[in-house]
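The structure appears right after this line, and notes come after that.
Computed from the coordinates by the stated procedures, all read-outs in this text should not be read as laboratory data. Keep in mind it's a predicted model, so treat the numbers as computed, not measured. Positions of Cβ are generated from backbone atoms using ideal geometry, with glycine treated the same way; all protein chains shown enter the neighbour counts.
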Amino acid sequence: MAILKILEFPDPRLRTVAKPVTDVDETIKRLVSDMFETMKSAQGIGLAASQVNVHLRVIVMNLGDDDIGQRVFINPEIEVLDGSITPYDEGCLSVPGFYETVDRPAHVMIRALDGEGKAFEEEAHGLLAVCIQHEIDHLEGKLFVDYLSPFKRQRIRKKLEKIHRQNA
């Protein structure tokens, strides 16, 4: 397993739309394993392959405190099941140190392949519903800062650019 480099906003590669996975082979399984290692190292709960500069439709998630909570979503799709919206404070490994409230549908159906390539579907509420939508946004080249006002988005961008310059 390897820890991969997480791209950070405003890196333009985060805007790349991911391509569907055609075969869940050993390369994809290794990617999933590396993504879990990377996410754990960064103390995150979700990671899309786009965030590690692999533009395939792969998401890993762990909403628990152990390996039992590990989830894999390959080629995920969601269907909104209920029009109610839930505000949720979101953060992102690609926008480190910033948390903002984003409104998202509260109840969705997830359809995806698991880490072995087996199709499944699952109803999601609460944190799982928010996380899957957040991570699917990454696969579409979208970030949670895109839901913010232009002023807030620009403020975050400038702060992160300054940090990047200092670390270069």
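Hey, what's the Kirkwood Rh for region 63-138 if you take every pair of different alpha carbons, in angstrom?
13.3
Dipole of region 96-168 (Lys/Arg Cβ +1, Asp/Glu Cβ -1, origin at the Cα centre): which of His107, Gln166, Ile136 lies farthest to the positive side?
Gln166
Toward the positive end of the charge dipole of region 1-151, about the Cα centre and with charges on Cβ (Lys, Arg +1; Asp, Glu -1), which of Ala124, Gly69, Pro150 goes farthest?
Result: Pro150, furthest along the dipole toward the positive end.
Taking a label point 7 Å from the Cα of Glu116 along the Cα→Cβ vector, which residues of region 36-55 have an amide N closer than 20 Å to it?
Correct set: 36.
What stretch of the chain, leaving out the sites themselves, is the longest with no trypsin sites (Lys or Arg not before Pro) in a DSSP loop having at most 14 other Cβ atoms within 10 Å?
6-117
Under 12 Å from the Cβ of Ala168, count the other residues' Cβ atoms, weight Lys and Arg +1, Asp and Glu -1, and hand me the total.
Local charge sum for Ala168: +1.
Based on Cβ point charges of +1 for Lys and Arg and -1 for Asp and Glu, what charge dipole magnitude is obtained for region 1-65 about its Cα centre, in debye rounded to the nearest 20?
My answer is approximately 200 debye.
I need the phi-derived Karplus couplings for region 26-38: 6.51 cos²θ - 1.76 cosθ + 1.60, θ = phi - 60°, integer Hz, Gly and Pro marked x.
4, 5, 5, 5, 5, 4, 4, 4, 5, 5, 4, 4, 5
Could you work out the percent of alpha carbon pairs in region 1-147 separated by over 20 Å, rounded to a whole number?
More than 20 Å apart: 43 percent of the Cα pairs in region 1-147.
Sum up the lysine pairs in the chain that clear both bars: alpha-carbon distance under 28 Å and a spacing of 8 or more or different chains.
26
Suppose every Lys and Arg Cβ carries +1 and every Asp and Glu Cβ carries -1, with no other charges. What dipole size does the chain come out with about its Cα centre, to the nearest 20 debye?
1120
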